[in-house]
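Worksheet for the structure shown next.
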Amino acid sequence: SLYERRGMNLSGTASGLSKINFGFEQVFDDGSRKLYVSDSSQVFVTSDLINFTTVKSTLTTTAKLSAAQGRGFVFFTNGVDAPFISSGLAATALDGTNGRPNAPRGKYVSFFQERFFVANTTANKSALNFMALSSTSGYVIPIDDALAWPIINQINVGQGDGSVISGIDVFKGQMQVHKDNRAIYTLFGTDETNFFVRKTNSNSGTAANESIAQIDNIQYYFARDSGVNGFNSADSV
């Protein structure tokens, strides 16, 4: 039979951006949604693909954005500039000023066990940092509180093995940490007192965080030496 090939429809135009190389959808508790788009230098948000509002500007154009949603916010980081959060409005920089936390400047972010994790920081490319949920006195720490990112909340993942963290992903209920072309580590534990990582797969790790995708209980990723791999939480092929 003869049929028309499916194509694309134009959904909207963010005229203030030179290009769009990043997009992230935030879903709110009432079911409404907003879309964040960026050209690496600016971040806009829209709810109707017609009106775009500036969330953040003056970002480093050569750095790639990573984002994750949790606790009513989207957390943005690019590994160079100070991370920032947004609830669909203007950004709040987590840069250590005005009583805010000095969050680690990592390349990748993920939300797991009610807290954000940031990986591959400017200080340590094999570091997995995580935010605090409460203080020793039982104070519940807000996401923008100065106590949210203590320096000690860090796990070294295969530090000094000749590779760096190249991606993080929550897969089958556990955080999986990829090291470029080396291995995949799994995070175990429930809080600061017992978090640890263990090497789960020694075949390979992703070459790019953006290549990680989950389909039918398999985590797929692109490895530098072996191409597309499938990981089932135990082995990669």
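The values are calculated or read from the model by the stated rules, or taken from the named source; none is laboratory data. Predicted model only: the values in this text are computed from it and were never measured. Please note: Cβ atoms are built from the backbone with ideal geometry, for glycine as well, and neighbour counts cover all protein chains shown. Quick note on the areas: whole protein, heavy atoms, side chains included, nothing else; ligands and nucleic acids left out. Shrake-Rupley method; radii C 1.70, N 1.55, O 1.52, S 1.80 Å.
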Single unsatisfied condition, residue 57 versus (1) surrounded by fewer than 14 Cβ atoms within 10 Å (Cβ to Cβ); (2) in contact with a strand residue (DSSP E or B) (Cβ under 7 Å, 6 or more places away or on another chain); (3) farther than 20 Å from residue 143 by Cβ: (2)
Scope region 76-90; condition under 17 Å from residue 44 (Cβ atoms) and not aliphatic (A, V, I, L, M); matching residues: 76, 78, 81, 84, 86, 87, 88
Filtered residue count, region 120-164, keeping only those that are open to solvent by 70 Å² or more (accessible area, probe 1.4 Å), over 25 Å from residue 180 (Cβ atoms) and either among the polar types (S, T, N, Q) or part of a strand (DSSP E or B) (or both): 3
When residues of region 181-194 are limited to those that are out of contact with any Gly (no Cβ under 6 Å at 6 or more places or on another chain) and crowded, with 20+ Cβ neighbours inside 10 Å, the one farthest from residue 118 (Cα to Cα): 185
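For region 211-229, check the following and say yes or no: at least one residue is within 27 Å of residue 100 (Cβ to Cβ) and in contact (Cβ under 8 Å) with a residue 24 or more places away in the chain. Full working, then the answer.
Within region 211-229, the first condition is being within 27 Å of residue 100 (Cβ to Cβ), and the residues that meet it are none.
Scanning region 211-229, I find no residue that is within 27 Å of residue 100 (Cβ to Cβ) and in contact (Cβ under 8 Å) with a residue 24 or more places away in the chain, so the answer is no.
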Where a residue in region 1-12 is modelled with pLDDT of 85 or more and part of a loop (DSSP other than H, G, I, E, B) and its partner, wherever it lies, is open to solvent by less than 100 Å² (accessible area, probe 1.4 Å) and not acidic (Asp, Glu), with Cβ under 6 Å and at least six apart: 11/49; 12/49
Some residue of region 195-208 being part of a loop (DSSP other than H, G, I, E, B) and exposed (fewer than 13 other Cβ atoms within 10 Å of the Cβ): yes
Region 118-143 residues that are hydroxyl-bearing (Ser, Thr, Tyr) and modelled with pLDDT of 95 or more, paired with ones that are open to solvent by less than 10 Å² (accessible area, probe 1.4 Å) and not in a loop (DSSP other than H, G, I, E, B) (beta carbon under 7 Å, 6 or more apart): 121/106; 121/127; 126/165
